[in-house]
Structures are given as C-alpha cells and as structure tokens.
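Working notes, structure below.
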Amino acid sequence: MPTLKIDSLSKTYPNGVKALDQVSLEITNGMFGLLGPNGAGKSSLMRTLATLQEADSGSAFLDEIDILNQPHELRKHLGYLPQEFGVYNKITAAQILDHMAVLKGIGNKGERKELVDHLLQKVNLYEKRNKSVKGFSGGMKQRVGIAQALIGKPKLIIVDEPTAGLDPGERNRFHNLLADVGQEVIILLSTHIVDDVRELCSRFAVMNLGQIVYHGSPEDAIAELRGKVWQKQVSREELDSYQAKYQVISDKMIAGKPQIHIFQENDPGDGFQSVTPNLEDVFFTKTKLKTETV
Ligand code: ADP
C-alpha cells in the first residue's frame, strides 16, 4: 500500500507570490481530494509532486522515493493528468496511447498493442480507437488522458482539475472511471468543485493561500460545524449590512433573493434558522473566514 508523505514544502515564485507555505500531508491509498479556491496553490503542489517544478524547501516521499531528488525514479511510478490534456488533434486515441507507452519505456510493440487495447477498453473508447481525437468531446479527451495516466501501473496518479468544462453526464462517467481505477493506488485529485470531493473522496484537505487549512474526512469536517451554521433569506439591499454584522459563509440566489449562510456558535435570533451543514459550508468556512474564529 503506497504512502505519500509531504513535509513542510514551500515555494515562492520569483514575483514574490508564496504559492506553497509549509505544506505537510500524509496520504495513503485511495482517492484524496485537494480542495481550494483558484489561486490557493493546488497546481503548484501538483506540479511539484509530478516533478515538473522545484520547491524551495521541504521534502516529499512516495514510499522510499525522494520525489524532489529522484525525479526520474518517481516518474516511473507516476500517472499525471494535467488541467488541460493537450492532445495533437490529428492523431487517433490509439496512436496517442502508443506514443505515451513508448515514452514510458515499453519498447515491445506487441506488448504495447495489448496494453493500449486494454486501456481503451477500460475507458470505453475502444470503438473509437482509430478516430482522430479532433472530433472528441471534452469528456472523451479526459478519458484519453486517464488512459495515458494509467500506463505503467503507477502508484501515484495526480489529476489536476479534471471536471472543469465537462457536462454532467461526462462528469459522472469520469467519476466512475476514477473510482474504478483501484485501491492499490493513491489518486490525488485537485479541484475547486466541492461536489467532486463529496462524491469521490474519503479523505481530503482544504488549501488556501498556500497553506493546508484542514485535513480529514468530509464527515468529520461537517460534524465540526453542526449547530453552527444558520440560514436566512434577505433582500439584496440588506446584504451588505448582514456581511458587516455576521460571519457570512456564503450567499446564494434562491429564486432571485440572496440566501445567506452564517457561522455562529449560538443562535443568532434575528430570523435565522439552523441548517444542516454541508461540505460547501466547510469549504467556505475554512477559506473565507478568519482562521482564529473557526
Ligand atoms: P491553484 O491551482 O489553486 O489555482 P496555483 O498553484 O495555480 O493555484 O497558484 C497559486 C498562486 O501562485 C497564485 O497566486 C498564482 O497567481 C501564482 N502562480 C502560479 N504559477 C506561477 C508562476 N509560474 N509564476 C508566478 N506566480 C505563479
């Protein structure tokens, strides 16, 4: 069972942005969600673990492999699906996978053909294997991306923002495929979509401003908020005054009127009703409110 151990990883870009600030995490097999708003530092962490960029300090180990100092060794055990899986449009799905298999060091042609056919079947693209990927939908391209990430029996699969741009049906198929990949692998899934984590991950972390601000299970995170989230429908004009008076976690339009969720230890009165917290409340509480209050 593989273990990924990240210890005090930090990275400041030349422009002064501190994208990773003492990030520490321990992740074992199964699907792990990394949730955070845009700019939180998720891609910086993913790219560092995928050996595509260097950190300033800290360490990361996949079992005994020192990721920062043995990038070649790590790559043998890595499957990586970047945010935009750039495929050359004119070639077929089978050609892409064959090419990737060559890059991963599978020299035997017959062995490659067998592997490519198996992967195409797994991601349900076998019938389309000789079609140019030009005509593929976003979801189909993502499935080619997952197929190439599975080449070489990886121990660690990194998937960066996989469902952005997919329609709900494609997203479902993609989720099922990920869930199917197996338990002997660590799948690290970075996303700003709360539902991706809720549906797929038994463990997750929330990242904000380069730091890990929560690490645990979705159930525990929700249990911590129980009895502390309150809801009220307000008018648009009142919104600012509520923002000033309460710790507003989120405001959402329901039938044209803002519905706000606030965080408060005890009953605020004032027409607020207690609500059962959800993972979205967790996300906003951890990323929007001042940390000393939660
Ligand atoms: P996320 O994936 O969570 O959206 P990123 O890791 O892409 O976050 O970005 C974290 C922060 O680092 C952001 O403020 C972003 O603007 C900045 N950043 C990302 N890449 C670079 C880079 N190559 N050079 C300078 N700043 C960068």
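The values are calculated or read from the model by the stated rules, or taken from the named source; none is laboratory data. Computed from a predicted model, the values in this text were never measured in an experiment. Positions of Cβ are generated from backbone atoms using ideal geometry, with glycine treated the same way; all protein chains shown enter the neighbour counts. All accessible areas refer to the heavy atoms of the entire protein, side chains included, with ligands and DNA or RNA removed. Shrake-Rupley method; radii C 1.70, N 1.55, O 1.52, S 1.80 Å.
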- Scan of the range 38-58 for residues that are under 25 Å from Val282 (Cβ atoms) and either small (Gly, Ala, Ser) or in contact with a Lys or Arg (Cβ under 9 Å, 6 or more places away or on another chain) (or both), ordered by number: Gly39, Ala40, Gly41, Ser43, Ser44, Leu45
- Task: Would you please name the residue that is surrounded by the most Cβ atoms within 10 Å (Cβ to Cβ), looking only at residues in the range 36-47 that are of a type outside the set (S, T, N, Q) and touching a His at 6+ places or on another chain (Cβ under 7 Å)?
- Result: Gly36
- Task: Go over the candidates Gly41, Gly33 one by one and state the one that is within 16 Å of the ligand (Cβ to nearest atom), within 14 Å of the chain's Cα centre (by Cα), closer than 30 Å to Asn124 by Cα and touching a residue at least 12 places away in the same chain (Cβ under 8 Å).
- Result: Gly33
- Message: of a type in the set (Ser, Thr, Tyr), open to solvent by 60 Å² or more (accessible area, probe 1.4 Å) and away from the ligand (no atom under 16 Å from the Cβ): is that true of Thr3 in this structure?
- Response: no
- Query: If you take the residues in the range 73-98 that are touching a helix residue (DSSP H, G or I) at 6+ places or on another chain (Cβ under 6 Å) and at pLDDT below 90, which one is farthest from Gly182 (Cα to Cα)?
  - Reply: Asn89
- Query: How about the range 239-293: which of its residues are open to solvent by 70 Å² or more (accessible area, probe 1.4 Å), within 26 Å of Gly39 (Cβ to Cβ) and either among the aliphatic types (A, V, I, L, M) or part of a loop (DSSP other than H, G, I, E, B) (or both)?
  - Reply: Ala244, Met253, Lys290
- Does any residue of the range 163-184 turn out to be surrounded by 20 or more Cβ atoms within 10 Å (Cβ to Cβ) and within 16 Å of the ligand (Cβ to nearest atom)? yes
- Working only within the range 43-90, note down all residues that are farther than 30 Å from Gly135 by Cα and part of a helix (DSSP H, G or I). Ser44, Leu45, Thr48, Leu49, Pro71, His72, Glu73, Leu74, Arg75
- Task: Considering only residues that are modelled with pLDDT under 90 and within 16 Å of the ligand (Cβ to nearest atom), look in the range 116-162 and name the one that is nearest to Ala94 (Cα to Cα).
- Result: Pro162
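Just name the residue that is nearest to Leu103 (Cα to Cα) out of those in the range 142-174 that are of a type in the set (Gly, Ala, Ser) and part of a helix (DSSP H, G or I).
It comes out as Ala149.
From the list Ala60, Ala50, Ala101, pick out the single residue that is under 24 Å from Gly182 (Cα atoms), surrounded by 18 or more Cβ atoms within 10 Å (Cβ to Cβ), of a type in the set (Gly, Ala, Ser) and away from the ligand (no atom under 16 Å from the Cβ).
Ala101
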